[in-house]
(Lines give C-alpha, C1' and ligand atoms only; values in the text may rest on other atoms or scores of the structure.)
Protein backbone atom coordinates (compact mmCIF):
# COMPACT_ATOMS: atom_id res chain seq x y z
CA UNK A 1 0.00 0.00 0.00
CA UNK A 2 2.84 2.38 0.82
CA UNK A 3 4.32 1.74 -2.62
CA UNK A 4 1.03 2.60 -4.32
CA UNK A 5 0.53 5.75 -2.27
CA UNK A 6 4.06 7.01 -2.88
CA UNK A 7 3.66 6.65 -6.63
CA UNK A 8 0.03 7.63 -7.08
CA UNK A 9 -1.19 10.77 -8.80
CA UNK A 10 -2.11 14.04 -7.17
CA UNK A 11 -5.76 13.26 -7.86
CA UNK A 12 -5.70 10.10 -5.77
CA UNK A 13 -4.07 11.88 -2.83
CA UNK A 14 -6.51 14.78 -2.99
CA UNK A 15 -9.55 12.48 -3.18
CA UNK A 16 -8.41 10.58 -0.07
CA UNK A 17 -7.59 13.79 1.82
CA UNK A 18 -11.02 15.28 1.14
CA UNK A 19 -12.67 12.02 2.18
CA UNK A 20 -10.88 12.12 5.53
CA UNK A 21 -11.75 15.79 6.08
CA UNK A 22 -15.47 15.17 5.48
CA UNK A 23 -15.48 12.53 8.26
CA UNK A 24 -13.75 14.70 10.88
CA UNK A 25 -16.96 16.40 12.14
CA UNK A 26 -17.79 13.02 13.72
CA UNK A 27 -15.38 13.95 16.53
CA UNK A 28 -18.10 16.12 18.12
CA UNK A 29 -20.47 13.15 18.65
CA UNK A 30 -19.10 12.24 22.13
CA UNK A 31 -20.30 15.68 23.24
CA UNK A 32 -23.65 15.35 21.47
CA UNK A 33 -24.58 11.63 21.61
CA UNK A 34 -28.17 12.39 20.58
CA UNK A 35 -26.82 13.18 17.09
CA UNK A 36 -25.31 9.73 16.56
CA UNK A 37 -27.99 9.09 13.93
CA UNK A 38 -26.06 11.37 11.54
CA UNK A 39 -22.99 9.07 11.41
CA UNK A 40 -23.97 7.48 8.05
CA UNK A 41 -24.43 10.93 6.46
CA UNK A 42 -20.72 11.65 7.01
CA UNK A 43 -19.25 8.15 6.98
CA UNK A 44 -20.73 7.01 3.66
CA UNK A 45 -19.26 9.83 1.48
CA UNK A 46 -16.01 9.68 3.44
CA UNK A 47 -15.49 5.93 2.98
CA UNK A 48 -16.47 6.07 -0.70
CA UNK A 49 -14.07 8.97 -1.28
CA UNK A 50 -11.13 7.25 0.42
CA UNK A 51 -11.88 4.03 -1.49
CA UNK A 52 -12.03 5.94 -4.78
CA UNK A 53 -8.74 7.66 -3.94
CA UNK A 54 -7.07 4.31 -3.26
CA UNK A 55 -8.33 2.93 -6.57
CA UNK A 56 -6.96 5.97 -8.40
CA UNK A 57 -3.63 5.57 -6.58
CA UNK A 58 -3.38 1.89 -7.54
CA UNK A 59 -4.28 2.56 -11.16
CA UNK A 60 -1.83 5.46 -11.49
CA UNK A 61 1.02 4.03 -9.43
CA UNK A 62 4.36 4.63 -11.11
CA UNK A 63 2.94 6.86 -13.83
CA UNK A 64 4.72 10.17 -14.37
CA UNK A 65 2.57 13.31 -14.44
CA UNK A 66 4.59 15.23 -16.95
CA UNK A 67 3.71 18.52 -18.57
CA UNK A 68 2.75 18.01 -22.22
CA UNK A 69 4.01 20.25 -25.00
CA UNK A 70 0.89 22.40 -25.13
CA UNK A 71 0.58 22.82 -21.36
CA UNK A 72 2.45 25.31 -19.22
CA UNK A 73 3.31 24.33 -15.63
CA UNK A 74 0.48 26.60 -14.43
CA UNK A 75 -2.00 24.86 -16.72
CA UNK A 76 -0.93 21.47 -15.43
CA UNK A 77 -1.11 22.68 -11.83
CA UNK A 78 -4.52 24.30 -12.27
CA UNK A 79 -6.22 21.01 -13.18
CA UNK A 80 -5.66 19.21 -9.83
CA UNK A 81 -6.47 22.43 -7.95
CA UNK A 82 -9.74 22.90 -9.83
CA UNK A 83 -10.59 19.22 -9.42
CA UNK A 84 -9.89 19.23 -5.67
CA UNK A 85 -12.10 22.26 -5.03
CA UNK A 86 -14.98 20.98 -7.16
CA UNK A 87 -14.77 17.51 -5.64
CA UNK A 88 -14.62 18.92 -2.09
CA UNK A 89 -17.65 21.11 -2.76
CA UNK A 90 -19.64 18.15 -4.06
CA UNK A 91 -18.59 15.84 -1.22
CA UNK A 92 -19.17 18.53 1.43
CA UNK A 93 -22.80 18.84 0.31
CA UNK A 94 -23.58 15.12 0.60
CA UNK A 95 -23.98 14.97 4.44
CA UNK A 96 -26.69 17.67 4.26
CA UNK A 97 -28.53 15.68 1.58
CA UNK A 98 -28.20 12.19 3.11
CA UNK A 99 -29.41 13.44 6.50
CA UNK A 100 -32.37 15.26 4.98
CA UNK A 101 -31.19 18.61 6.35
CA UNK A 102 -31.24 20.34 2.96
CA UNK A 103 -32.11 19.75 -0.67
CA UNK A 104 -29.22 19.30 -3.10
CA UNK A 105 -29.08 22.92 -4.35
CA UNK A 106 -29.11 24.42 -0.85
CA UNK A 107 -26.61 21.81 0.34
CA UNK A 108 -24.34 22.62 -2.60
CA UNK A 109 -24.65 26.35 -1.90
CA UNK A 110 -23.72 25.81 1.76
CA UNK A 111 -20.74 23.69 0.73
CA UNK A 112 -19.51 26.23 -1.84
CA UNK A 113 -19.88 29.02 0.72
CA UNK A 114 -18.03 26.91 3.29
CA UNK A 115 -15.02 25.70 1.30
CA UNK A 116 -14.54 29.09 -0.38
CA UNK A 117 -14.63 30.80 3.07
CA UNK A 118 -17.52 33.05 2.05
CA UNK A 119 -20.09 32.58 4.79
CA UNK A 120 -23.36 33.29 2.97
CA UNK A 121 -25.92 30.78 4.23
CA UNK A 122 -29.33 29.39 3.35
CA UNK A 123 -29.78 27.06 6.35
CA UNK A 124 -31.88 27.63 9.45
CA UNK A 125 -29.09 27.92 12.03
CA UNK A 126 -31.48 27.80 14.98
CA UNK A 127 -32.67 24.31 13.97
CA UNK A 128 -29.41 22.89 12.60
CA UNK A 129 -27.77 20.03 14.59
CA UNK A 130 -24.39 20.80 16.16
CA UNK A 131 -22.50 18.32 13.99
CA UNK A 132 -23.59 20.25 10.89
CA UNK A 133 -22.72 23.58 12.48
CA UNK A 134 -19.23 22.17 13.10
CA UNK A 135 -19.14 20.76 9.55
CA UNK A 136 -19.82 24.25 8.13
CA UNK A 137 -17.08 25.90 10.20
CA UNK A 138 -14.60 23.09 9.56
CA UNK A 139 -15.10 23.37 5.78
CA UNK A 140 -14.21 27.05 6.07
CA UNK A 141 -11.17 26.31 8.20
CA UNK A 142 -9.83 23.78 5.67
CA UNK A 143 -10.75 25.98 2.72
CA UNK A 144 -8.77 28.82 4.27
CA UNK A 145 -5.51 26.91 4.54
CA UNK A 146 -5.99 25.10 1.20
CA UNK A 147 -5.79 21.47 0.09
CA UNK A 148 -2.35 21.69 -1.50
CA UNK A 149 -0.77 22.90 1.75
CA UNK A 150 -2.35 20.01 3.68
CA UNK A 151 -1.15 17.47 1.12
CA UNK A 152 2.36 18.97 0.85
CA UNK A 153 2.70 18.92 4.64
CA UNK A 154 2.27 15.14 4.76
CA UNK A 155 3.57 13.64 1.53
CA UNK A 156 5.66 14.52 -1.50
CA UNK A 157 3.58 15.99 -4.32
CA UNK A 158 4.80 16.03 -7.92
CA UNK A 159 4.94 19.53 -9.38
CA UNK A 160 4.29 20.73 -5.83
CA UNK A 161 5.25 24.36 -6.42
CA UNK A 162 2.99 24.65 -9.47
CA UNK A 163 0.05 23.43 -7.37
CA UNK A 164 1.02 25.70 -4.47
CA UNK A 165 1.07 28.84 -6.64
CA UNK A 166 -2.03 27.74 -8.56
CA UNK A 167 -4.02 27.64 -5.32
CA UNK A 168 -3.22 31.30 -4.67
CA UNK A 169 -0.18 31.23 -2.37
CA UNK A 170 2.37 33.83 -3.58
CA UNK A 171 5.03 33.43 -0.88
CA UNK A 172 7.22 30.59 0.30
CA UNK A 173 8.00 30.87 4.01
CA UNK A 174 10.72 28.20 4.17
CA UNK A 175 13.34 26.82 1.72
CA UNK A 176 11.19 23.77 0.91
CA UNK A 177 7.46 23.58 0.22
CA UNK A 178 6.97 20.87 2.83
CA UNK A 179 8.50 23.03 5.55
CA UNK A 180 6.46 26.01 4.31
CA UNK A 181 3.27 23.95 4.56
CA UNK A 182 4.20 22.77 8.05
CA UNK A 183 4.95 26.34 9.16
CA UNK A 184 1.59 27.59 7.87
CA UNK A 185 -0.19 24.66 9.52
CA UNK A 186 1.48 25.37 12.87
CA UNK A 187 0.66 29.09 12.64
CA UNK A 188 -2.94 28.39 11.71
CA UNK A 189 -3.53 25.85 14.48
CA UNK A 190 -1.61 27.92 17.03
CA UNK A 191 -3.94 30.86 16.43
CA UNK A 192 -6.91 28.45 16.60
CA UNK A 193 -5.84 27.41 20.10
CA UNK A 194 -5.23 31.00 21.25
CA UNK A 195 -8.53 32.23 19.81
CA UNK A 196 -10.50 29.41 21.41
CA UNK A 197 -8.94 30.11 24.82
CA UNK A 198 -9.66 33.86 24.56
CA UNK A 199 -13.29 33.25 23.60
CA UNK A 200 -13.68 30.86 26.55
CA UNK A 201 -12.15 33.40 28.95
CA UNK A 202 -14.73 35.99 27.88
CA UNK A 203 -17.72 33.70 28.34
CA UNK A 204 -18.27 31.83 25.07
CA UNK A 205 -19.02 28.09 25.27
CA UNK A 206 -16.34 25.65 24.08
CA UNK A 207 -18.24 24.50 20.98
CA UNK A 208 -19.09 28.04 19.92
CA UNK A 209 -15.52 29.17 20.67
CA UNK A 210 -13.97 26.54 18.40
CA UNK A 211 -16.44 27.17 15.56
CA UNK A 212 -16.14 30.95 15.70
CA UNK A 213 -12.34 30.83 15.87
CA UNK A 214 -12.19 28.54 12.82
CA UNK A 215 -14.48 30.87 10.89
CA UNK A 216 -12.73 34.09 12.00
CA UNK A 217 -9.23 32.81 11.14
CA UNK A 218 -10.38 31.60 7.74
CA UNK A 219 -12.10 35.01 7.25
CA UNK A 220 -15.27 33.10 6.53
CA UNK A 221 -18.03 34.17 8.89
CA UNK A 222 -20.22 31.13 9.59
CA UNK A 223 -21.70 31.49 13.06
CA UNK A 224 -23.46 29.08 15.40
CA UNK A 225 -25.85 31.87 16.39
CA UNK A 226 -28.64 33.46 14.34
CA UNK A 227 -27.50 36.94 15.39
CA UNK A 228 -23.83 36.18 14.62
CA UNK A 229 -21.27 37.81 16.95
CA UNK A 230 -23.73 40.55 17.84
CA UNK A 231 -25.92 38.05 19.68
CA UNK A 232 -23.36 37.77 22.50
CA UNK A 233 -23.56 41.52 23.22
CA UNK A 234 -19.99 41.41 24.53
CA UNK A 235 -17.34 44.01 23.71
CA UNK A 236 -14.57 41.60 24.75
CA UNK A 237 -15.80 38.92 22.32
CA UNK A 238 -16.01 41.50 19.54
CA UNK A 239 -12.42 42.64 20.23
CA UNK A 240 -11.17 39.03 20.09
CA UNK A 241 -13.08 38.58 16.82
CA UNK A 242 -11.51 41.72 15.34
CA UNK A 243 -8.01 40.46 16.24
CA UNK A 244 -8.70 37.03 14.71
CA UNK A 245 -10.12 38.59 11.54
CA UNK A 246 -7.05 40.81 11.17
CA UNK A 247 -4.79 37.77 11.62
CA UNK A 248 -6.76 35.80 9.05
CA UNK A 249 -6.57 38.61 6.50
CA UNK A 250 -2.80 38.96 6.88
CA UNK A 251 -0.29 37.27 4.59
CA UNK A 252 1.16 34.12 6.20
CA UNK A 253 4.66 35.42 5.49
CA UNK A 254 3.91 38.59 7.47
CA UNK A 255 2.48 36.50 10.32
CA UNK A 256 5.74 34.55 10.38
CA UNK A 257 7.68 37.82 10.76
CA UNK A 258 5.39 38.81 13.64
CA UNK A 259 6.00 35.48 15.38
CA UNK A 260 9.73 36.09 14.98
CA UNK A 261 9.18 39.57 16.52
CA UNK A 262 10.55 41.43 13.51
CA UNK A 263 8.14 44.30 14.11
CA UNK A 264 10.14 47.02 12.34
CA UNK A 265 10.32 44.96 9.17
CA UNK A 266 6.58 44.28 9.36
CA UNK A 267 5.71 47.95 9.76
CA UNK A 268 7.79 48.82 6.68
CA UNK A 269 5.69 46.51 4.48
CA UNK A 270 3.40 48.58 2.24
CA UNK A 271 0.46 46.24 2.76
CA UNK A 272 0.48 46.79 6.53
CA UNK A 273 0.68 50.56 6.16
CA UNK A 274 -2.18 50.43 3.68
CA UNK A 275 -4.35 48.55 6.21
CA UNK A 276 -3.65 51.24 8.81
CA UNK A 277 -4.57 53.88 6.24
CA UNK A 278 -7.85 52.12 5.45
CA UNK A 279 -8.78 52.05 9.13
CA UNK A 280 -7.90 55.73 9.59
CA UNK A 281 -10.03 56.78 6.59
CA UNK A 282 -13.01 54.42 6.62
CA UNK A 283 -13.75 54.06 10.35
CA UNK A 284 -14.42 57.80 10.95
CA UNK A 285 -16.43 58.12 7.71
CA UNK A 286 -18.70 55.21 8.60
CA UNK A 287 -18.93 56.27 12.26
CA UNK A 288 -20.06 59.80 11.31
CA UNK A 289 -22.60 58.35 8.87
CA UNK A 290 -24.03 56.00 11.53
CA UNK A 291 -24.15 58.80 14.05
CA UNK A 292 -25.95 61.25 11.76
CA UNK A 293 -28.21 58.95 9.72
CA UNK A 294 -28.90 56.01 12.08
CA UNK A 295 -28.80 57.95 15.32
CA UNK A 296 -26.17 55.91 17.16
CA UNK A 297 -24.20 57.57 19.96
CA UNK A 298 -20.74 58.69 18.87
CA UNK A 299 -18.97 56.00 20.94
CA UNK A 300 -21.24 53.23 19.69
CA UNK A 301 -20.98 54.46 16.10
CA UNK A 302 -17.15 54.24 16.21
CA UNK A 303 -17.37 50.79 17.79
CA UNK A 304 -19.78 49.52 15.10
CA UNK A 305 -17.76 51.22 12.37
CA UNK A 306 -14.51 49.54 13.46
CA UNK A 307 -16.10 46.10 13.52
CA UNK A 308 -17.86 46.71 10.21
CA UNK A 309 -14.69 47.89 8.46
CA UNK A 310 -12.56 44.97 9.70
CA UNK A 311 -15.19 42.29 9.00
CA UNK A 312 -15.67 43.69 5.48
CA UNK A 313 -12.13 44.27 4.17
CA UNK A 314 -10.98 41.02 5.84
CA UNK A 315 -13.88 39.41 3.90
CA UNK A 316 -15.05 37.59 7.05
CA UNK A 317 -18.66 38.68 7.16
CA UNK A 318 -19.42 38.53 10.89
CA UNK A 319 -21.98 41.10 11.96
CA UNK A 320 -23.04 42.97 15.08
CA UNK A 321 -25.85 44.90 13.34
CA UNK A 322 -28.32 44.42 10.51
CA UNK A 323 -26.42 45.92 7.57
CA UNK A 324 -29.65 46.23 5.57
CA UNK A 325 -30.55 49.13 7.88
CA UNK A 326 -27.35 51.07 7.19
CA UNK A 327 -27.56 54.21 4.98
CA UNK A 328 -26.70 54.06 1.27
CA UNK A 329 -23.48 56.04 1.73
CA UNK A 330 -22.20 53.54 4.30
CA UNK A 331 -23.28 50.58 2.17
CA UNK A 332 -21.27 52.09 -0.69
CA UNK A 333 -18.17 52.25 1.51
CA UNK A 334 -18.67 48.62 2.55
CA UNK A 335 -18.91 47.57 -1.11
CA UNK A 336 -15.63 49.36 -1.80
CA UNK A 337 -13.99 47.51 1.10
CA UNK A 338 -15.38 44.19 -0.19
CA UNK A 339 -13.76 44.85 -3.55
CA UNK A 340 -10.40 45.78 -1.96
CA UNK A 341 -10.28 42.64 0.22
CA UNK A 342 -7.50 41.34 2.46
CA UNK A 343 -3.84 40.44 2.19
CA UNK A 344 -2.31 38.46 -0.67
CA UNK A 345 -1.55 34.92 0.40
CA UNK A 346 -4.04 35.13 3.29
CA UNK A 347 -7.43 33.45 3.63
CA UNK A 348 -9.21 36.67 2.55
CA UNK A 349 -10.78 37.40 -0.83
CA UNK A 350 -11.19 40.51 -2.98
CA UNK A 351 -8.70 42.17 -5.31
CA UNK A 352 -6.26 42.07 -2.35
CA UNK A 353 -4.53 44.86 -0.45
CA UNK A 354 -1.22 44.65 -2.30
CA UNK A 355 -2.82 44.97 -5.75
CA UNK A 356 -5.04 47.84 -4.62
CA UNK A 357 -2.06 49.64 -3.06
CA UNK A 358 0.01 49.20 -6.22
CA UNK A 359 -2.89 50.29 -8.41
CA UNK A 360 -3.19 53.52 -6.41
CA UNK A 361 0.59 54.05 -6.45
CA UNK A 362 0.84 53.46 -10.21
CA UNK A 363 -2.09 55.81 -10.88
CA UNK A 364 -0.56 58.50 -8.65
CA UNK A 365 2.81 58.20 -10.41
CA UNK A 366 1.07 58.41 -13.76
CA UNK A 367 -0.71 61.62 -12.77
CA UNK A 368 2.53 63.11 -11.37
CA UNK A 369 4.32 62.23 -14.59
CA UNK A 370 1.72 64.07 -16.65
CA UNK A 371 1.79 67.13 -14.37
CA UNK A 372 5.58 67.33 -13.98
CA UNK A 373 7.44 64.93 -16.32
CA UNK A 374 10.89 66.20 -15.29
CA UNK A 375 10.38 65.16 -11.64
CA UNK A 376 9.36 61.55 -12.42
CA UNK A 377 12.54 59.98 -13.75
CA UNK A 378 12.96 57.17 -11.16
CA UNK A 379 11.30 53.80 -11.35
CA UNK A 380 8.70 53.53 -8.54
CA UNK A 381 9.02 50.72 -6.00
CA UNK A 382 7.32 49.42 -2.89
CA UNK A 383 8.32 47.43 0.19
CA UNK A 384 6.90 43.91 0.27
CA UNK A 385 7.61 40.84 2.42
CA UNK A 386 10.59 40.02 0.21
CA UNK A 387 12.03 43.54 0.57
CA UNK A 388 12.10 46.46 -1.86
CA UNK A 389 10.37 45.49 -5.11
CA UNK A 390 10.47 47.49 -8.35
CA UNK A 391 7.19 48.15 -10.12
CA UNK A 392 8.16 47.02 -13.62
CA UNK A 393 6.03 46.71 -16.76
CA UNK A 394 5.29 43.02 -16.17
CA UNK A 395 3.93 43.73 -12.70
CA UNK A 396 1.82 46.62 -13.99
CA UNK A 397 0.32 44.43 -16.73
CA UNK A 398 -0.47 41.66 -14.25
CA UNK A 399 -2.21 44.06 -11.86
CA UNK A 400 -4.27 45.87 -14.47
CA UNK A 401 -5.12 42.57 -16.17
CA UNK A 402 -6.42 41.07 -12.92
CA UNK A 403 -8.27 44.21 -11.79
CA UNK A 404 -9.99 44.69 -15.16
CA UNK A 405 -11.02 41.03 -15.17
CA UNK A 406 -12.24 41.28 -11.56
CA UNK A 407 -14.34 44.35 -12.31
CA UNK A 408 -15.73 42.71 -15.45
CA UNK A 409 -16.92 39.66 -13.50
CA UNK A 410 -18.32 41.96 -10.79
CA UNK A 411 -20.37 43.93 -13.34
CA UNK A 412 -21.68 40.83 -15.11
CA UNK A 413 -22.56 39.11 -11.83
CA UNK A 414 -24.33 42.19 -10.51
CA UNK A 415 -26.44 42.56 -13.65
CA UNK A 416 -27.36 38.86 -13.54
CA UNK A 417 -28.50 39.20 -9.93
CA UNK A 418 -30.77 42.11 -10.89
CA UNK A 419 -32.39 39.80 -13.46
CA UNK A 420 -32.67 36.67 -11.34
CA UNK A 421 -33.66 38.30 -8.03
CA UNK A 422 -35.58 41.28 -9.42
CA UNK A 423 -33.85 43.66 -6.97
CA UNK A 424 -32.31 47.11 -7.23
CA UNK A 425 -28.86 47.63 -8.71
CA UNK A 426 -27.41 48.64 -5.30
CA UNK A 427 -28.79 45.52 -3.59
CA UNK A 428 -27.50 43.30 -6.39
CA UNK A 429 -24.06 44.94 -6.30
CA UNK A 430 -23.85 44.52 -2.52
CA UNK A 431 -24.85 40.84 -2.62
CA UNK A 432 -22.67 39.81 -5.55
CA UNK A 433 -19.68 41.83 -4.29
CA UNK A 434 -20.11 39.94 -1.01
CA UNK A 435 -20.22 36.57 -2.75
CA UNK A 436 -17.43 37.35 -5.25
CA UNK A 437 -15.20 38.83 -2.54
CA UNK A 438 -15.94 35.79 -0.31
CA UNK A 439 -17.22 38.23 2.34
CA UNK A 440 -20.54 36.65 3.32
CA UNK A 441 -22.41 39.77 4.48
CA UNK A 442 -25.98 39.78 3.19
CA UNK A 443 -28.58 42.53 2.93
CA UNK A 444 -31.28 39.86 3.20
CA UNK A 445 -31.27 38.86 -0.47
CA UNK A 446 -29.69 35.47 0.20
CA UNK A 447 -31.84 33.16 2.34
CA UNK A 448 -33.67 29.84 2.27
CA UNK A 449 -36.29 31.22 -0.14
CA UNK A 450 -33.84 32.70 -2.67
CA UNK A 451 -34.48 31.47 -6.22
CA UNK A 452 -32.18 28.84 -7.75
CA UNK A 453 -30.77 31.11 -10.49
CA UNK A 454 -29.57 33.69 -7.96
CA UNK A 455 -27.89 30.99 -5.87
CA UNK A 456 -26.13 29.60 -8.96
CA UNK A 457 -24.78 33.07 -9.89
CA UNK A 458 -23.54 33.57 -6.33
CA UNK A 459 -21.91 30.11 -6.26
CA UNK A 460 -20.04 30.90 -9.48
CA UNK A 461 -18.91 34.19 -7.96
CA UNK A 462 -17.70 32.52 -4.75
CA UNK A 463 -15.60 29.95 -6.62
CA UNK A 464 -14.12 32.56 -8.97
CA UNK A 465 -13.33 34.82 -6.02
CA UNK A 466 -11.64 32.15 -3.90
CA UNK A 467 -9.43 30.86 -6.73
CA UNK A 468 -8.77 34.37 -8.10
CA UNK A 469 -10.44 34.06 -11.52
CA UNK A 470 -7.46 33.21 -13.73
CA UNK A 471 -6.93 29.78 -12.15
CA UNK A 472 -10.54 28.90 -12.95
CA UNK A 473 -10.20 30.16 -16.52
CA UNK A 474 -6.84 28.45 -17.05
CA UNK A 475 -8.04 25.23 -15.44
CA UNK A 476 -11.27 25.15 -17.45
CA UNK A 477 -9.40 25.88 -20.67
CA UNK A 478 -6.82 23.19 -19.91
CA UNK A 479 -9.53 20.64 -19.12
CA UNK A 480 -11.36 21.42 -22.38
CA UNK A 481 -8.14 20.99 -24.35
CA UNK A 482 -7.47 17.69 -22.58
CA UNK A 483 -10.97 16.43 -23.43
CA UNK A 484 -10.52 17.46 -27.07
CA UNK A 485 -7.20 15.61 -27.13
CA UNK A 486 -8.84 12.46 -25.79
CA UNK A 487 -11.68 12.74 -28.31
CA UNK A 488 -9.20 13.03 -31.18
CA UNK A 489 -7.44 9.88 -29.93
CA UNK A 490 -10.76 8.02 -29.70
CA UNK A 491 -11.72 9.13 -33.22
CA UNK A 492 -8.35 7.95 -34.59
CA UNK A 493 -8.72 4.58 -32.85
CA UNK A 494 -12.25 4.13 -34.21
CA UNK A 495 -11.10 5.07 -37.70
CA UNK A 496 -8.31 2.46 -37.46
CA UNK A 497 -10.79 -0.24 -36.36
CA UNK A 498 -13.05 0.51 -39.34
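Mind listing whichever residues of the stretch 396-435 are on the phi < 0 side of the Ramachandran plot and not in a helix (DSSP H, G or I)? Answer for the stretch 396-435, where residues must be on the phi < 0 side of the Ramachandran plot and not in a helix (DSSP H, G or I): 423, 424. When restricted to residues that are surrounded by fewer than 17 Cβ atoms within 10 Å (Cβ to Cβ), closer than 14 Å to residue 94 by Cβ and in contact (Cβ under 8 Å) with a residue 40 or more places away in the chain, the stretch 20-62 contains 2.
The listed residues are 290, 235, 285, 244, and the only one of them that is more than 30 Å from residue 112 (Cα to Cα), modelled with pLDDT of 90 or more and surrounded by 19 or more Cβ atoms within 10 Å (Cβ to Cβ) turns out to be 290. Residues in the stretch 314-331 that are assigned to a helix (DSSP H, G or I) and touching a residue at least 40 places away in the same chain (Cβ under 8 Å): 323, 324, 328, 329, 330, 331.
Can residue 496 be described as on the phi < 0 side of the Ramachandran plot and at pLDDT 90 or above?
Here the answer is no, as residue 496 does not meet what is asked.
Do we find that residue 145 is at pLDDT below 90, crowded, with 20+ Cβ neighbours inside 10 Å and out of contact with any strand residue (DSSP E or B) (no Cβ under 7 Å at 6 or more places or on another chain) in this structure? Answer is yes for this residue. Do we find that residue 301 is more than 28 Å from residue 395 (Cβ to Cβ) and either surrounded by 15 or more Cβ atoms within 10 Å (Cβ to Cβ) or within 21 Å of the chain's Cα centre (by Cα) (or both) in this structure? Yes: the conditions hold for residue 301.
Being farther than 20 Å from residue 38 by Cβ, part of a helix (DSSP H, G or I) and either out of contact with any strand residue (DSSP E or B) (no Cβ under 9 Å at 6 or more places or on another chain) or modelled with pLDDT under 95 (or both), is that true of even one residue in the stretch 117-140? Checking the stretch 117-140: not a single residue is farther than 20 Å from residue 38 by Cβ, part of a helix (DSSP H, G or I) and either out of contact with any strand residue (DSSP E or B) (no Cβ under 9 Å at 6 or more places or on another chain) or modelled with pLDDT under 95 (or both).
Where helices (runs of 4 or more DSSP H) fall wholly inside the stretch 174-257, the ranges with 3 or more residues that are over 23 Å from residue 124 (Cα atoms) are 177-201, 235-248. Of the residues making up the stretch 449-474, those that are over 14 Å from residue 412 (Cβ atoms) and outside any helix (DSSP H, G or I) are 449, 450, 451, 467, 468. Restricting 310, 210, 275 to those that are within 30 Å of residue 390 (Cβ to Cβ) and in contact with a helix residue (DSSP H, G or I) (Cβ under 7 Å, 6 or more places away or on another chain) reduces the list to 275.
The values are calculated or read from the model by the stated rules, or taken from the named source; none is laboratory data. None of the values given here were measured: they were computed from a predicted structure. Glycine also receives a Cβ, built like all others from the backbone with ideal geometry; neighbour counts cover every protein chain displayed.
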